[in-house]
Amino acid sequence: MRDEVDRLVAAWKTQRPDLDFTPLEVLSRITRIARHLDIARHKAFADLDTWGFDVLAALRRAGEPYQLSPGQLIQETMVTSGTMTNRLDRLEEMGVITRKADPKDGRGSLVSLTRSGVRAVDSAMEDLLQREREFLESLSKSDRALLASMLSKLAAPFDEQI
């Protein structure tokens, strides 16, 4: 037995040898890894939490001047407008974003990263990548590439539904 899922599947196979447990072998491992990844992300994101990191990361990925409209942020983070407003209020209170009127659209606004926001998201990303590297230490470079490709193939149909 290599891991806990092997133990669980072996026990199930003695009780239900008629079933194919392949989905459990794959998806239970993904679920268990996701739990550990959530813990690592929580530590890496510190005061930002996952939702804060998601917003700041979307702004950072946009490139200089690290600015998007609330509508673009809603698209990037897949949340409702009410949720986004709440998140932006909290991030503005933290001093990591600013909001100003959109000069091209008098009714709209633009959200921008502050210098503090750039430092926070960059630091969180560096910390996250270090933690995630540790998750993958047992895999060779080619195994990591193969796993990334296979997970992409598995995830693609879900992304098409969005």
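Readers should treat all values here as calculations from the given coordinates under stated rules, not as data from a laboratory. Predicted model only: the values in this text are computed from it and were never measured. Ideal geometry is used to build each Cβ from the backbone, glycine not excepted, and the neighbour counts take in all protein chains shown.
Under a point-charge model restricted to the Cβ atoms of Lys and Arg (+1) and Asp and Glu (-1), what is the dipole moment magnitude of the range 49-119 relative to its Cα centre, in debye to the nearest 20? Spell out each step's value before the answer.
On the way: 10 positive and 9 negative charges, 36 e Å.
Using Cβ point charges on Lys, Arg, Asp and Glu, the range 49-119 gives about 180 debye.
Could you work out how far helix 115-135 tilts from the main Cα principal axis of the chain, as a 0 to 90 degree angle to the nearest 10?
Orientation of helix 115-135: about 10 degrees from the principal axis.
Taking amide H atoms as placed 1.01 Å from N in the peptide plane, list the residues 5 or more away in sequence, or in a different chain, whose amide H sits under 5 Å from that of SER109.
ASP102
Give me the one-decimal nm value for the distance between modelled label points at GLU134 and THR31, 7 Å along each residue's Cα-to-Cβ direction.
2.6
Can you give the charge dipole size of the range 1-133 about its Cα centre, rounded to the nearest 20 debye, using +1 on the beta carbon of Lys and Arg and -1 on the beta carbon of Asp and Glu? Working shown, then result.
Details: 21 positive and 21 negative charges, 15 e Å.
About 80 debye.
Going by the alpha-carbon gyration tensor, a ≥ b ≥ c the square roots of its eigenvalues, is the range 49-119 rounded (a/c under 1.5) or, if a/c is not under 1.5, prolate (a/b greater than b/c) versus oblate?
Details: a/c = 1.39, a/b = 1.12, b/c = 1.25.
Here the range 49-119 falls in the rounded category.
Treating the angle as unsigned and between 0 and 90°, give the value, to the nearest 10°, between the Cα long axis of helix 81-94 and the longest Cα principal axis of the chain.
The helix 81-94 is inclined about 70 degrees to the chain.
For the chain, with the dipole built from +1 on Lys and Arg beta-carbon atoms and -1 on Asp and Glu ones, taken about the Cα centre, which of ALA124, THR83, THR31 lies farthest toward the positive end?
Selected residue: ALA124.
Normalised by the residues of the chain, what does the relative contact order come to in percent, with Cα pairs under 8 Å and at least six apart? Please list the in-between numbers first.
Working: 118 pairs, mean separation 31.0, N = 162.
Computed over the chain, the figure is 19 percent.
Work through the residues other than GLY108 whose Cβ is under 13 Å from its Cβ and net out their charges, Lys, Arg +1 and Asp, Glu -1.
Values: positive: ARG99, LYS100, LYS104, ARG107; negative: ASP102, ASP105.
My count for the surroundings of GLY108 gives +2.
When N is the residue count of the chain, what does its C-alpha Rg come to as a fraction of 2.2 N^0.38 Å? Don't skip to the end; give the middle numbers.
Details: Rg = 20.4 Å, N = 162, 2.2 N^0.38 = 15.2 Å.
Against the empirical 2.2 N^0.38 Å value, I get 1.34 for the chain.
How much mean residue ellipticity at 222 nm does the chain get from its helices, if each DSSP H run of length 4 or more adds -39500 (n - 2.57) and you divide by all residues, to the nearest 500 deg cm²/dmol?
Values: 7 runs with 112 residues, N = 162.
Using -39500 (n - 2.57) per qualifying helix, the result is -23000 deg cm²/dmol.
Quick check: Cα centre of the range 18-49 to Cα centre of the range 142-160, how many Å?
15
Can you tell me, using C-alpha contacts under 8 Å and at least 6 residues apart, the relative contact order of the range 49-119 as a whole percent? Write out the running numbers ahead of the final one.
Working: 84 pairs, mean separation 23.9, N = 71.
Computed value for the range 49-119: 34 percent relative contact order.
Most mobile of PRO70, PRO17, PRO103 per a Gaussian network model of the chain (Cα springs, under 10 Å)?
PRO17
Among ALA124, ALA145, ALA101, which one moves the most in a GNM of the chain with springs linking Cα atoms closer than 10 Å?
Among ALA124, ALA145, ALA101, the largest mean-square fluctuation in the Gaussian network model of the chain belongs to ALA145.
Starting at the first residue of the range 5-11, write each ³J(HN,Hα) from the Karplus equation 6.51 cos²θ - 1.76 cosθ + 1.60 with θ = phi - 60°, in whole Hz, x for Gly and Pro.
Per residue, the Karplus-derived 3J(HN,Hα) values read 5, 4, 5, 4, 5, 4, 5 Hz.
Stretched out fully, how many nm does the piece from ARG99 to GLU160 gain, at 0.36 nm a residue minus the Cα gap? List each step's numbers first, then the result.
On the way: separation 61, 0.36 × 61 = 21.96 nm, distance 3.17 nm.
Contour length minus the Cα-Cα distance gives 18.8 nm.
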